[in-house]
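S.K.: Once you've had a glance at the structure underneath, I'll fire off some questions.
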Amino acid sequence: QVQLVESGGGLVQPGGALRLSCAASGIIFKNAAMNWYRQGPGKQRELVTTITRGDPTNYADSVKGRFTISRDNAKNTVYLPMNSLKPEEPAVYYCNVIQWGQEYWGQGTQVTVSS
């Protein structure tokens, strides 16, 4: 079955950095466009960034210049280094993929930004 397992979340001070990882299994990873979403307290889930199989990426305006998505097809893993984290960015970050007409989500990893 398809599994997406996120890791790397935690507590960081404003202005700090974290690197999230998402390990995928059960999909043809090299063909997949991988997405990171986030959902903050009382907010709707929002798309943060996408990396396609050809490596082009796009980002939400709020994270441009601070987040950089990348992928390692040999490890079936997508990464999200996040820099200069802001106090308004605490959220659960989710890995997401659509393949074979089905949408799959990881369980999420919590990012807390607090001094």
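The values are calculated or read from the model by the stated rules, or taken from the named source; none is laboratory data. Model, not experiment: these values are computed from the prediction. A quick note on method: Cβ atoms are made from the backbone with ideal geometry, for glycine too, and the neighbour counts reach across all protein chains shown. Surface accessibility is based on the protein's heavy atoms, side chains included, excluding ligands, DNA and RNA. Shrake-Rupley method; radii C 1.70, N 1.55, O 1.52, S 1.80 Å.
S.K.: Are there any pairs, at least 6 apart or on different chains, whose C-beta atoms fall under 6 Å, with the first in region 25-52 and under 20 Å from Phe67 (Cα atoms) and the second of a type in the set (Val, Ile, Thr) and assigned to a loop (DSSP other than H, G, I, E, B), and if so, which?
M.R.: Matching pairs, first to second residue: Ala33/Thr52; Thr49/Ile69; Ile51/Ile69.
S.K.: Can you tell me which residue is nearest to Arg19 (Cα to Cα) among those in region 70-110 that are of a type in the set (A, V, I, L, M, F, W, C), in a loop (DSSP other than H, G, I, E, B) and modelled with pLDDT of 95 or more? Before you say what the answer is, go through the steps one by one.
M.R.: Initial filter on region 70-110 (of a type in the set (A, V, I, L, M, F, W, C)): 74, 78, 80, 82, 85, 91-92, 95, 97-98, 100, 105.
Imposing the further condition that a residue be in a loop (DSSP other than H, G, I, E, B) reduces the set to 74, 85, 100.
Checking which are modelled with pLDDT of 95 or more leaves us with 74, 85.
Numbers: Ala74: 19, Leu85: 11 Å.
Taking the candidates together, the pick is Leu85.
S.K.: Looking only at region 13-43, count how many residues are at pLDDT below 95 and not small (Gly, Ala, Ser).
M.R.: 7
S.K.: Hey, among Ala32, Ala60, which residue is at negative phi, crowded, with 17+ Cβ neighbours inside 10 Å and among the aliphatic types (A, V, I, L, M)? Explain how you work it out, then say what you get.
M.R.: Details: Ala60 fails: crowded, with 17+ Cβ neighbours inside 10 Å.
Only one candidate passes the filter, namely Ala32.
S.K.: Now a separate question. So, Val97, is that one open to solvent by less than 10 Å² (accessible area, probe 1.4 Å), touching a residue at least 24 places away in the same chain (Cβ under 8 Å) and in contact with an Asp or Glu (Cβ under 8 Å, 6 or more places away or on another chain) or not? Spell out how you get there, then give the answer.
M.R.: Values: open to solvent by less than 10 Å² (accessible area, probe 1.4 Å): yes; touching a residue at least 24 places away in the same chain (Cβ under 8 Å): yes; in contact with an Asp or Glu (Cβ under 8 Å, 6 or more places away or on another chain): yes.
Taking the combined requirement at face value, the residue satisfies it.
S.K.: Could I ask something else about it? Where residues in region 35-52 are in a loop (DSSP other than H, G, I, E, B) and open to solvent by less than 60 Å² (accessible area, probe 1.4 Å), which of them is nearest to Thr77 (Cα to Cα)? Steps first, answer last, please.
M.R.: Residues of region 35-52 in a loop (DSSP other than H, G, I, E, B): 40-45, 52.
Imposing the further condition that a residue be open to solvent by less than 60 Å² (accessible area, probe 1.4 Å) reduces the set to 40, 52.
On the way: Gly40: 24, Thr52: 13 Å.
Per the stated criteria, the residue is Thr52.
S.K.: Name the single residue that is least open to solvent (accessible area, probe 1.4 Å) among those in region 100-115 being under 12 Å from the mean Cα position of the chain (by Cα) and hydrophobic (A, V, I, L, M, F, W, C). So that I can check it myself, show each step before the final result.
M.R.: First pass over region 100-115, keeping only residues under 12 Å from the mean Cα position of the chain (by Cα): 105-111.
Pick out the ones that are also hydrophobic (A, V, I, L, M, F, W, C) and you get 105, 111.
Numbers: Trp105: 94, Val111: 0 Å².
Only one residue fits best here, namely Val111.
S.K.: I'm trying to understand the selection: among the residues of region 69-83, which are open to solvent by 60 Å² or more (accessible area, probe 1.4 Å) and either farther than 12 Å from Phe29 by Cα or out of contact with any helix residue (DSSP H, G or I) (no Cβ under 6 Å at 6 or more places or on another chain) (or both)? If you could, list the steps in order and put the result at the bottom.
M.R.: Of the residues in region 69-83, the ones open to solvent by 60 Å² or more (accessible area, probe 1.4 Å) are 73-75, 83.
Once the filter is applied, which keeps residues that are open to solvent by 60 Å² or more (accessible area, probe 1.4 Å) and either farther than 12 Å from Phe29 by Cα or out of contact with any helix residue (DSSP H, G or I) (no Cβ under 6 Å at 6 or more places or on another chain) (or both), region 69-83 yields Ala74, Lys75, Asn83.
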